[in-house]
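If you scroll down you'll find the structure; I have some questions about it.
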Amino acid sequence: MSAPKPENIDAYIAAAPAEAQAYLRRIRALVRQTLPAAEETISYAIPCFRWQNTYLLYFAGYKKHVSIYPAPHEGGEAFQNELGPYRAGKGTLQFSVAKELPEALIVKIIEQRCAGAEALMLSKTEKKKK
């Protein structure tokens, strides 16, 4: 039997492994600081931020790491090289709870996801005009 879906991000963090809780709270705070207009929700039973009708960023906590999804694929070669050590799959970034959270990089990830959401919104608007 699987665990019940958390009602909100506070409940998710409270139920997460103790090792990951501070990291989850910090990721949440970084999103709130970088994009205050983002809406908090639970999707796929993990925390998610929605913005501009887009599921912008998911995050999850585990005993040995926290993950952010989806990993941006845009942003140029230098940005992709920064993400490289944290890639754990095509769309997943993992950050060890044994190391300091790379906060500046996480802010860049949020900003890149916002830029991608804005580009998607503009392309949809352009298609509607045609």
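Across segment 76-96, what is the total count of residues that are in a helix (DSSP H, G or I) and among the hydroxyl-bearing types (Ser, Thr, Tyr)? First the steps, then the outcome.
First pass over segment 76-96, keeping only residues in a helix (DSSP H, G or I): 76-86.
With the extra rule that they be among the hydroxyl-bearing types (Ser, Thr, Tyr), the set shrinks to 86.
Of the residues in segment 76-96, 1 are in a helix (DSSP H, G or I) and among the hydroxyl-bearing types (Ser, Thr, Tyr).
What is the residue count in segment 31-51 for residues that are under 19 Å from residue 83 (Cα atoms) and either in contact with a His (Cβ under 8 Å, 6 or more places away or on another chain) or surrounded by 20 or more Cβ atoms within 10 Å (Cβ to Cβ) (or both)?
Taking segment 31-51 first, the residues under 19 Å from residue 83 (Cα atoms) are 31, 34.
Okay, now just the ones that are also either in contact with a His (Cβ under 8 Å, 6 or more places away or on another chain) or surrounded by 20 or more Cβ atoms within 10 Å (Cβ to Cβ) (or both), so 31.
Residues in segment 31-51 being under 19 Å from residue 83 (Cα atoms) and either in contact with a His (Cβ under 8 Å, 6 or more places away or on another chain) or surrounded by 20 or more Cβ atoms within 10 Å (Cβ to Cβ) (or both): 1 in total.
Mind checking which residues of segment 53-75 are under 11 Å from the mean Cα position of the chain (by Cα) and assigned to a strand (DSSP E or B)? It would help to see each step written out before you state the result.
Filtering segment 53-75 down to residues under 11 Å from the mean Cα position of the chain (by Cα) leaves 55-60, 66-72.
Once the filter is applied, which keeps residues that are under 11 Å from the mean Cα position of the chain (by Cα) and assigned to a strand (DSSP E or B), segment 53-75 yields 55, 56, 57, 58, 59, 60, 66, 67, 68, 69.
Report the residue count in segment 58-84 for those that are among the hydrophobic types (A, V, I, L, M, F, W, C) and either touching a residue at least 60 places away in the same chain (Cβ under 8 Å) or loosely packed, with under 13 Cβ neighbours inside 10 Å (or both). Break it down into steps so the answer makes sense when it comes.
In the first step, residues of segment 58-84 are kept if they are among the hydrophobic types (A, V, I, L, M, F, W, C); the result is 59-60, 66, 68, 71, 78-79, 83.
Going one step further and asking which of them are either touching a residue at least 60 places away in the same chain (Cβ under 8 Å) or loosely packed, with under 13 Cβ neighbours inside 10 Å (or both), we end up with 78.
Adding up the residues that qualify gives 1.
What pairs come out if I take residues in segment 85-105 that are over 15 Å from residue 73 (Cα atoms) and touching a residue at least 24 places away in the same chain (Cβ under 8 Å) and pair them with residues that are part of a loop (DSSP other than H, G, I, E, B) and among the aliphatic types (A, V, I, L, M) whose C-beta lies under 6 Å away, six or more apart or interchain?
Every condition considered, the pairs that remain are 95/101.
Within the set of pairs 6 or more residues apart or between chains, which connect a residue that is within 24 Å of residue 100 (Cβ to Cβ) and of a type outside the set (S, T, N, Q) inside segment 1-19 to a residue that is modelled with pLDDT of 95 or more and assigned to a helix (DSSP H, G or I) with Cβ atoms less than 7 Å apart?
9/28; 13/21; 13/24; 13/25; 16/24
Given (1) of a type in the set (A, V, I, L, M); (2) free of Cβ contacts under 8 Å to residues at least 40 places away in the same chain; (3) within 17 Å of residue 116 (Cα to Cα), identify the lone condition not met by residue 31.
Single failed check for residue 31: (2).
Does residue 54 satisfy the criteria of being closer than 23 Å to residue 6 by Cβ, surrounded by fewer than 17 Cβ atoms within 10 Å (Cβ to Cβ) and in contact with a strand residue (DSSP E or B) (Cβ under 6 Å, 6 or more places away or on another chain)?
Values: closer than 23 Å to residue 6 by Cβ: yes; surrounded by fewer than 17 Cβ atoms within 10 Å (Cβ to Cβ): yes; in contact with a strand residue (DSSP E or B) (Cβ under 6 Å, 6 or more places away or on another chain): no.
No.
Okay, next question. When the residues of segment 104-130 are filtered to those that are of a type in the set (Gly, Ala, Ser) and closer than 19 Å to residue 50 by Cα, which remaining residue is modelled with the highest pLDDT? Step through it out loud before you land on a result.
Within segment 104-130, the first condition is being of a type in the set (Gly, Ala, Ser), and the residues that meet it are 104, 115-117, 119, 123.
Checking the rest, the ones that are also closer than 19 Å to residue 50 by Cα come to 115-117, 119, 123.
Details: 115: 84, 116: 76, 117: 75, 119: 65, 123: 59.
Checking each candidate, the answer is 115.
Any idea which of (1) over 14 Å from the mean Cα position of the chain (by Cα); (2) of a type in the set (Ser, Thr, Tyr); (3) modelled with pLDDT of 95 or more; (4) over 18 Å from residue 8 (Cα atoms) is the one residue 86 doesn't satisfy?
(1)
The values are calculated or read from the model by the stated rules, or taken from the named source; none is laboratory data. The structure displayed is predicted, hence computed values, not measured ones. Neighbour counts run over all protein chains shown; Cβ positions are idealised from the backbone, glycine included.
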